[in-house]
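Structure first, commentary second.
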Amino acid sequence: MSVNEIVTSEIRDKICTISFFNPKGNSLSTLHLLRLTKEFNDVSYNENVNLVILKSGGDGAFCGGASIDELVKFDRFEKAKEFFFAFGKLLLTMIRCQKPIVARVHGKIVGGGIGLVSACDYAIAKKDASLRLSELTIGIGPFVISPFVIRKIGISAFTHLSLDTQWRDAEWGKNFGLYAKVVDTNEELDQEINKIAEDLSRFSVNSMIKLKEIFWEKTENWDQLIDERAEISARLILSEIASGRLQKIIGNQ
């Protein structure tokens with residue numbers, strides 16, 4: 001992926017690979033969110049695609065969550081809410097995509113990145129894929145992503161992850177259901193991704209569509225929920241506490 005291409009997609013042998021990139025830890029800006037949402041919308045009804053692989057560029061972090069560079073610039077509630085709702089809208093689009101989504105996870109995932117993996121149907125991670133919910137440390141909370149993360153790992157694990165804001169290793173992620181498998185090397189990661197992708201590409205599309213409906217049943221009212229959570233996040237990100245902590249992070253970069 002070129003450094004100038006923040007989101008790309010490629011279809012080959014009924015497999016669509018969607019990739020995103022940001023040189024700052026693969027964090028997600030509004031542009032990333034909108035482009036990813038469009039890609040998942042487009043692929044959902046594409047008859048030439050049986051499944052989707054989600055990956056990020058580089059060998060560092062899989063996803064650093066929301067872009068700090070963008071968060072620190074918010075000075076109006078409407079603009080802040082628009083961003084957080086766009087994040088939630090992406091996750092909603094992913095769980096409503098008719099095709100199963102397999103995540104290729106390498107490196108750390110932080111904050112909203114955990115929401116991104118949670119909205120996938122299957123994830124294979126490299127052993128360096130440690131994870132952390134860090135929102136409380138900047139004066140907000142994992143409100144928008146919480147429905148997706150709780151659905152994936154359960155309320156107890158989410159509670160612990162949210163409150164102590166500590167790093168967990170990839171095995172923790174596997175034990176609590178965020179990852180299906182953990183492997184040692186990039187080569188093994190690609191081998192496992194290729195294997196599950198090849199298997200799924202041969203299965204009945206209609207069967208997988210029905211399975212996804214079961215995976216994410218009883219989420220029909222989440223649009224309103226995400227709107228409410230986006231409003232909470234927007235108000236908190238504009239607080240004096242959050243503004244001060246974001247400025248300190250920017251100053252240390």
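The values are calculated or read from the model by the stated rules, or taken from the named source; none is laboratory data. In this text the structure is predicted, and so the values were computed from the model without any measurement. Cβ atoms come from the backbone with ideal geometry, glycine included; neighbour counts cover every protein chain shown.
Listing for the model above:
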| item | result |
| --- | --- |
| Residue within the stretch 186-195 that is out of contact with any Asp or Glu (no Cβ under 7 Å at 6 or more places or on another chain), of a type outside the set (S, T, N, Q), in a loop (DSSP other than H, G, I, E, B) and in contact (Cβ under 8 Å) with a residue 12 or more places away in the chain present | no |
| Test: residue in the stretch 57-72 that is in a loop (DSSP other than H, G, I, E, B), farther than 27 Å from GLU10 by Cβ and over 15 Å from the mean Cα position of the chain (by Cα) | yes |
| Residue in the stretch 141-164 that is surrounded by the most Cβ atoms within 10 Å (Cβ to Cβ), counting only those that are touching a residue at least 60 places away in the same chain (Cβ under 8 Å) and of a type in the set (Gly, Ala, Ser) | SER146 |
| In the stretch 214-227, residue nearest to ASP13 (Cα to Cα) [restricted to those that are of a type outside the set (Val, Ile, Thr) and loosely packed, with under 11 Cβ neighbours inside 10 Å] | GLU217 |
| Checklist (1) outside any loop (DSSP other than H, G, I, E, B); (2) modelled with pLDDT of 95 or more applied to LYS99, failing item | (1) |
